[in-house]
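Structure first, commentary second.
The values are calculated or read from the model by the stated rules, or taken from the named source; none is laboratory data. Keep in mind that this is a model prediction, so the values were computed, not measured. For neighbour counting, all protein chains shown are included, and Cβ atoms are generated from backbone atoms with ideal geometry for every residue, glycine included.
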Amino acid sequence: MPLGNPTLRQLEQKEDFIDRHIGPDDREIDSMLSFLDMQTLDELVEKAVPNKILSKRPLDFDRCQNESDALAYLREHVARKNKVFKSYIGMGYHGTITPPVIQRNILENPAWYTAYTPYQSEISQGRMEGLLNFQTMVTDLTGMEIANASMLDEGTAAAEAMTMSFSLTRKKLKSHRKFWVMDDLHPQTLEILETRAQPLGIEIVTGNIADFSTDEAYFGLLLQYPGSSGQVRDLTDIIANAQERKMLVTVAADLLSLVLLKPPGEMGADVVVGSAQRFGVPMGFGGPHAAFFATRESFKRNMPGRIVSVSKDVRDKPAYRLALQTREQHIRREKATSNICTSQVLLAVIAGMYAVYHGPEQLHRIARRVHRFAVILAAGLEKLGYQPRNRVFFDTLQIQVTPEQRRDIEARALAAEINFRYIGDETIALSLDETTRREDVGELWTVFSGNADHGLTVPDLFDQVSDQYPAELVRTTSYLTHPVFNTHHSETEMLRYLHALATKDLSLTHSMIPLGSCTMKLNATAEMMPITWPELANIHPFAPADQVEGYKQLIGELEHMLAEITGMTGVSLQPNAGSQGEYAGLLTIRAYHQSRGEGHRNVCIIPSSAHGTNPASAVMAGMKVVVVNCDKNGNIDLEDLNAKAEKHADDLSALMITYPSTHGVFEEGIVDICRVIHEHGGQVYMDGANMNALVGLARPCEIGADVLHLNLHKTFCIPHGGGGPGVGPIAAAEHLAPLLPGHRLRADAFPETQTTAVSAAPWGSSGILPISWAYIAMMGRGGLKKATQVAILNANYIAKKLEPHFPILYRGLNDLIAHECIIDVRPLKASCGIDVEDIAKRLMDFGFHAPTMSWPVAGTLMIEPTESESLAELDRFCDAMICIREEAAEVENGNIPAEESPLKRAPHTMADMVDDSWDRPYSREKGVFPLSWVATNKYWPTVGRIDNAYGDKNLMCSCVPIEEYA
Ligand SMILES: *Cc1c(COP(=O)(O)O)cnc(C)c1O
């Protein structure tokens, strides 16, 4: 609206981020409201949300009005307060150089970071190729047969290997519940193993590798290679001995070292896990990074996480897809062996591309340099009178010192802005990495000798030393031989490769991704910018506390914001995804019951509509799952709930409930449901994946939840990254807050009462927390509330617009829904054979990503528009859905056989268009430009419909030359 005669104040008014985050402007909001026969957003909330859950107290925190304000604050109060010292700490986190072409074109490129998990294969070929590169790199370097597409971190990957070994050995080794762990292991990995082992009744035994004996009844072993100390050992014999007794052996390995060292696969390992962080992913104060998990082909059905494989499309062209989906928790629920859902796709893609860009020769040079500098450093330190404790190493030395020496060296190191790892009073450990230069080695000698005139030079020593592995530890096999690792080495080639892959994928840069429960909202550029600032990116998770004052501030403020939003007392940012939050929250409940002498409480009630991670997490937390039914309106069957709560009153531990429900409805009974659980001695765990419908309106704590997780990668704007990273913090009420996860390596920051760690890093994926902080700060109390209101408005608008064409499955108060709606496609399937998959594939021709398919109800689509989508985009989506409904009517009317309809032949590719033998009963134009606006912004799926069954039958999970595949 033009300003008539503006005042100075009006002219000076700052641009407001709220207007940019929320899609519809006030005029559009008004027109949508009147379409729903309402006047105001408040009226909508009054009608849609049960009065008794609404919070009386508005949110209370300060606000930055726009991007410039937020970035200025983050620079001043966060980045500037961190001290970026050179890190030689190691422990699985190393300095690395993110190649700029990768940083800008993947990490900072919304075409990569705003994409969703590649469930819709035909529009996800780019990132699946990236993941296949990652899997190939991991299988090659570890010497294993098959690898998955990433894990959350090295510690949880090791824990998953332990539980996989446990379940695989059940038949042969029934009574064995002990897991043997080599003592030269990263301490954070050991802590996670202990956390995971306890509820499952697994006993962790640690020991020196020389003392390992197969006389004891272990079901599996975990070895580290090179050890946390840096020592490299030949593991062949211990692996063979253990396997003779049917034990399974996991090796936690350092990926870069495997370029030079004989890989664990060649030593016989059953599983190899580790972190790919040093392949171009900044340390970020602990994460996010991609961990990896590689194993034998024969264990593929038990392997955690997702796997990309090669199948073929309708034209017999090779095409990528997610393999073996039947293993996942979505399907196996309480029988699932892992709860991982969101993993670390973006980071895995980066690590894979690091290998693509460098190629085997450059990688070899990097590894050789790191190692040779370590050898030179060790030789120099010896000349200075220091004794390395380890003789065979890749990049890490442990130096023996006296307590006095330690004190002096530490002081000199800090003065030179250098961090080492200090182990007790008599050992200093240091790890070199890709960033180490000859000047750094000289500086290290100076720090150790206390004298810049130490007389040592790198070139002199270079001539005196050589690589020093015994022959049996030297890698002799080739790696990364596939063409993809040998072609894109110039920046031009790499840039085009990355761009070519990105354009194959549909992301938020093209159109809305209306995935119910996944909340694909705006990931604002300004929110993303700080994550690559060196003051945030290049910080080791175990850097001394006084160097991370900025992170402390950021974490403290974010915890406060999330506590205020949820009404809870304590917040833990440690869990790396929603699933990990569930697990951590349930452990908190478990610890609470134990603290009251009620440790026997182990029943977890879960509604049948729950997300698959819920029952999987409950089982991992040692609980017994009892399912409660839903009634025909999609609400929890209160009678069933009462009966089950009563029946299990003596051993009830928790209820896991999603609110608003997974059916997209504000269940009215929620307060009563929570009361019933409390009356029977249980605690209420709320799955907060749907918080986008509550923020600023209602607080879970006031509704009756005791602990909940939030998905910062849903509600709080961390991008999905094509399937991760995620952050799944938990917030707990006063009585549970002291039991939230702690971390032994940060005993200073966590009280002793806390539970042991669930993630490798004390604050999980700290590096991406600025995103959620910036979102909350820029929206403030008013913006967050309005965002929630508009999310509800957008969903109800779509529901009403689509209602004449598709039945809406569930509704709540006043026939309104929450922030998402489920449309029922089962009647169409019955009348003409068109199913959800056909609609999903046909939407691709319109340039849309399908809504959530067949969850939580089979044969339905769940649509969540979020507040970020404008009215025009909502209308385009509805037009596409209505057009699809008309195409289905053509089948219903018998005008066109189902098999011949554009719905079954979708998606349409360029190859289809140029095919001379086009013989379909509809025009080519109808195929690719079903509505006029599609032509102006056409997205082309690059492959036709993919054959899933073929892919599972002919499992191929690493890069294969296309000729060979055909
Ligand atoms: C996304 C989701 C989860 C799992 O969260 P991740 O971050 O993917 O592990 C759990 N419950 C519900 C309802 C969800 O939508």
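Taking region 567-589 only, how many residues are more than 22 Å from the chain's Cα centre (by Cα) and not small (Gly, Ala, Ser)?
Taking region 567-589 and keeping what is more than 22 Å from the chain's Cα centre (by Cα), we get 567-570, 589.
Still in the running and not small (Gly, Ala, Ser): 568-569, 589.
Residues meeting the conditions: 3.
Could you count how many residues in region 323-363 are surrounded by fewer than 22 Cβ atoms within 10 Å (Cβ to Cβ), over 24 Å from residue 301 (Cα atoms) and touching a Phe, Trp or Tyr at 6+ places or on another chain (Cβ under 9 Å)?
Residues meeting the conditions: 3.
Does residue 221 qualify as being surrounded by 15 or more Cβ atoms within 10 Å (Cβ to Cβ), over 22 Å from residue 587 (Cα atoms) and assigned by TED's automatic domain parsing to the domain that holds residue 433?
Values: surrounded by 15 or more Cβ atoms within 10 Å (Cβ to Cβ): yes; over 22 Å from residue 587 (Cα atoms): yes; assigned by TED's automatic domain parsing to the domain that holds residue 433: yes.
Spelling it out, residue 221 is indeed surrounded by 15 or more Cβ atoms within 10 Å (Cβ to Cβ), over 22 Å from residue 587 (Cα atoms) and assigned by TED's automatic domain parsing to the domain that holds residue 433.
Filter region 299-310 down to residues that are over 12 Å from residue 129 (Cα atoms) and away from the ligand (no atom under 16 Å from the Cβ) and give me whichever is surrounded by the most Cβ atoms within 10 Å (Cβ to Cβ).
As a first pass, look at region 299-310 and keep what is over 12 Å from residue 129 (Cα atoms): 299-306.
Filter again for away from the ligand (no atom under 16 Å from the Cβ), leaving 299-303.
Numbers: 299: 16, 300: 18, 301: 9, 302: 15, 303: 24.
Among them, the one singled out is 303.
With (1) in contact (Cβ under 8 Å) with a residue 24 or more places away in the chain; (2) touching a strand residue (DSSP E or B) at 6+ places or on another chain (Cβ under 8 Å); (3) over 28 Å from residue 355 (Cα atoms); (4) assigned to a helix (DSSP H, G or I) as the list, and residue 382 as the residue in question, which single condition is left unmet?
Condition (1) is where residue 382 drops out.
Could you please find all residues in region 11-26 being of a type outside the set (Val, Ile, Thr) and either within 20 Å of residue 783 (Cα to Cα) or surrounded by 10 or more Cβ atoms within 10 Å (Cβ to Cβ) (or both)? Talk me through it step by step, then tell me what you get.
As a first pass, look at region 11-26 and keep what is of a type outside the set (Val, Ile, Thr): 11-17, 19-21, 23-26.
13, 14, 15, 16, 17, 19, 20, 21, 23, 24, 25, 26 - these are the residues of region 11-26 that are of a type outside the set (Val, Ile, Thr) and either within 20 Å of residue 783 (Cα to Cα) or surrounded by 10 or more Cβ atoms within 10 Å (Cβ to Cβ) (or both).
Go through the residues of region 369-380 one by one and say whether even a single one is under 30 Å from residue 105 (Cα atoms), buried (at least 22 other Cβ atoms within 10 Å of the Cβ) and under 21 Å from the mean Cα position of the chain (by Cα).
No - not one qualifying residue is present in region 369-380.
Suppose the filter is closer than 23 Å to residue 346 by Cα and in the same structural domain as residue 340 (by TED's automatic domain parsing); does residue 298 pass it?
no
How many residues, within region 740-791, are more than 20 Å from the chain's Cα centre (by Cα) and among the aromatic types (Phe, Trp, Tyr)?
The first filter runs over region 740-791 and keeps only residues more than 20 Å from the chain's Cα centre (by Cα), leaving 740, 742-756, 776-791.
Restricting the remaining residues to those that are among the aromatic types (Phe, Trp, Tyr) gives 750.
Count: 1.
List the pairs whose first member sits in region 568-586 and is touching a residue at least 12 places away in the same chain (Cβ under 8 Å), whose second member is away from the ligand (no atom under 14 Å from the Cβ) and of a type in the set (Phe, Trp, Tyr), and whose Cβ atoms are under 9 Å apart, counting only residues at least 6 apart or on separate chains?
572/763; 573/763; 574/763
Within region 801-907, considering only helices (runs of 4 or more DSSP H) that don't extend past its boundaries, which have at least 2 residues that are touching a His at 6+ places or on another chain (Cβ under 8 Å)? Walk me through how you get there before you give the answer.
Working: elements: 826-832, 836-845, 871-892, 902-905.
The helices (runs of 4 or more DSSP H) meeting that bar are 836-845, 871-892.
Here is a list of conditions, (1) under 22 Å from residue 399 (Cα atoms); (2) surrounded by fewer than 22 Cβ atoms within 10 Å (Cβ to Cβ), and residue 232 meets all of them except one; can you say which number that is?
Single failed check for residue 232: (2).
Of the conditions (1) at pLDDT 95 or above; (2) in contact with a Lys or Arg (Cβ under 8 Å, 6 or more places away or on another chain), residue 147 fails just one. Which one is it?
The number of the failed condition is (2).
For every residue, the table says whether it meets (1) free of Cβ contacts under 8 Å to residues at least 60 places away in the same chain; (2) out of contact with any His (no Cβ under 8 Å at 6 or more places or on another chain); (3) of a type in the set (Ser, Thr, Tyr); (4) crowded, with 18+ Cβ neighbours inside 10 Å.
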position: 509; (1), (2), (3), (4): no, yes, yes, no
position: 516; (1), (2), (3), (4): no, yes, no, yes
position: 522; (1), (2), (3), (4): no, no, no, yes
position: 532; (1), (2), (3), (4): no, yes, yes, no
position: 535; (1), (2), (3), (4): no, yes, no, yes
position: 540; (1), (2), (3), (4): no, yes, no, yes
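Looking only at helices (runs of 4 or more DSSP H) that lie completely in region 124-216, which have at least 1 residues being farther than 30 Å from residue 311 by Cα and touching a residue at least 12 places away in the same chain (Cβ under 8 Å)?
Working: elements: 125-142, 154-168, 187-200.
The qualifying helices (runs of 4 or more DSSP H) are 154-168, 187-200.
Quick check on region 91-103. Is at least one of its residues touching a Leu at 6+ places or on another chain (Cβ under 7 Å), over 30 Å from residue 798 (Cα atoms), assigned by TED's automatic domain parsing to the domain that holds residue 399 and small (Gly, Ala, Ser)?
no
Looking at region 476-497, is at least one residue of a type in the set (Lys, Arg) and within 16 Å of the ligand (Cβ to nearest atom)?
Quick first cut of region 476-497, residues of a type in the set (Lys, Arg) only: 496.
Within this subset, residues satisfying the condition of being within 16 Å of the ligand (Cβ to nearest atom) are none.
Checked region 476-497: no residue is of a type in the set (Lys, Arg) and within 16 Å of the ligand (Cβ to nearest atom).
Can you tell me which residues in region 835-862 are buried (at least 24 other Cβ atoms within 10 Å of the Cβ), over 15 Å from residue 122 (Cβ atoms) and touching a helix residue (DSSP H, G or I) at 6+ places or on another chain (Cβ under 6 Å)?
Passing the criteria: only 861.
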